[in-house]
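J.: If you scroll down you'll find the structure; I have some questions about it.
The values are calculated or read from the model by the stated rules, or taken from the named source; none is laboratory data. Because the structure is predicted, anything quoted here is derived from the model rather than measured. As a convention, Cβ positions derive from the backbone with ideal geometry for all residues, glycine included, and neighbour counts pool all protein chains shown. For accessibility, only protein heavy atoms count, side chains too; no ligands or nucleic acids. Shrake-Rupley method; radii C 1.70, N 1.55, O 1.52, S 1.80 Å.
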Amino acid sequence: MQADRPAGQESGTPAGAGSLSSDRWRQGARDIAARAYRGENSGLLLLVMIATVVIFGILLRDTTFLGSSNLLSIVETTTAVTVMAVPTVFVICSGEIDLSFATVVPVSAYVSALLLQHNNIVIAILGGLAVGALVGLINGAVTVWFKIPSFVVTLGMLGILQGYSEAITNSSTITVTNSAFLKIFGQGHVGPIP
């Protein structure tokens with residue numbers, strides 16, 4: 001009975017099973033690569049990012065690239081962008097876009113700085129947060145109630161806020177001298193992390 005099977009085929013294994021398995025593997029690899037190219041496979045993208053850091057860490061091992069001072073400097077430099085980027089991820093995941101966030105942050109800061117000149121720190125912080133919440137509410141309401149694409153609504157809000165920021169400041173800088181405000185928002189630390 002063993003003599004009737006083709007050479008190289010084991011008992012119970014159908015003919016061509018080896019090539020079928022390799023075809024499935026190739027198709028799976030193509031699917032993974034296609035999903036990564038479209039940005040659907042975040043795990044692979046994260047792996048590539050980590051591999052990039054490791055490669056640069058190895059290449060720059062004799063420098064302070066992976067030193068604590070450099071990593072803290074990166075955190076300090078990217079904090080403002082990260083604070084704006086995290087909520088934007090949720091907006092993009094819902095299939096919308098928000099272009100006005102780049103002007104909401106400075107307008108909120110302007111309002112806080114103006115309120116800080118004549119009020120206490122709590123009122124200044126709440127005023128800045130209120131401006132950001134109001135702009136978000138207006139953007140969301142116009143997008144939903146009037147069924148206008150969020151791209152158009154937030155682009156319009158971007159222009160409105162740019163004009164408003166110039167109007168309330170007369171295109172000049174506002175100096176914040178409140179030491180408590182500066183300590184919390186400009187020089188504060190959470191444990192060892194600035």
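J.: Under the Karplus relation 6.51 cos²θ - 1.76 cosθ + 1.60, θ = phi - 60°, what is the ordered set of whole-Hz ³J(HN,Hα) values for the stretch 106-121, x standing for Gly and Pro?
T.: In residue order, the calculated couplings are x, 5, 4, 5, 4, 4, 4, 5, 5, 5, 5, 5, 10, 10, 7, 5 Hz.
J.: Further question: Helix 17-38 versus the longest principal axis of the chain: what angle, 0 to 90°, nearest 10, using Cα atoms?
T.: That helix lies at roughly 10 degrees to the long axis.
J.: Further question on the same structure: Taking a probe of 1.4 Å, how large is the accessible area per residue of the chain, in Å²?
T.: 73
J.: So how exposed is F56, as accessible area in Å² (1.4 Å probe, rounded to 10)?
T.: For F56, solvent-accessible area is about 100 Å².
J.: Can you tell me, using C-alpha contacts under 8 Å and at least 6 residues apart, the relative contact order of the chain as a whole percent?
T.: Contact order relative to length: 17 percent.
J.: What part of the accessible area of the stretch 20-85, given as a whole %, is carbon or sulfur when the probe is 1.4 angstrom?
T.: 68
J.: How tilted is helix 68-93 with respect to the longest principal axis of the chain? Cα atoms for both, answer in degrees (0 to 90, nearest 10).
T.: It works out to around 80 degrees.
J.: Among L66, L114, L45, which one shows the highest mean-square fluctuation when the chain is modelled as a Gaussian network with alpha-carbon springs under 10 Å?
T.: With Cα springs under 10 Å in the chain, the top fluctuation among L66, L114, L45 is at L45.
J.: If you work out volume of the Cα convex hull per residue in Å³ from the coordinates, which of (1) 241; (2) 118; (3) 129 do you get?
T.: This structure yields the entry labelled (1).
J.: Right, something else. Taking 22 Å as R0, compute the FRET efficiency from the Cβ-Cβ separation of T79 and L182 and round it to 0.05.
T.: 0.90
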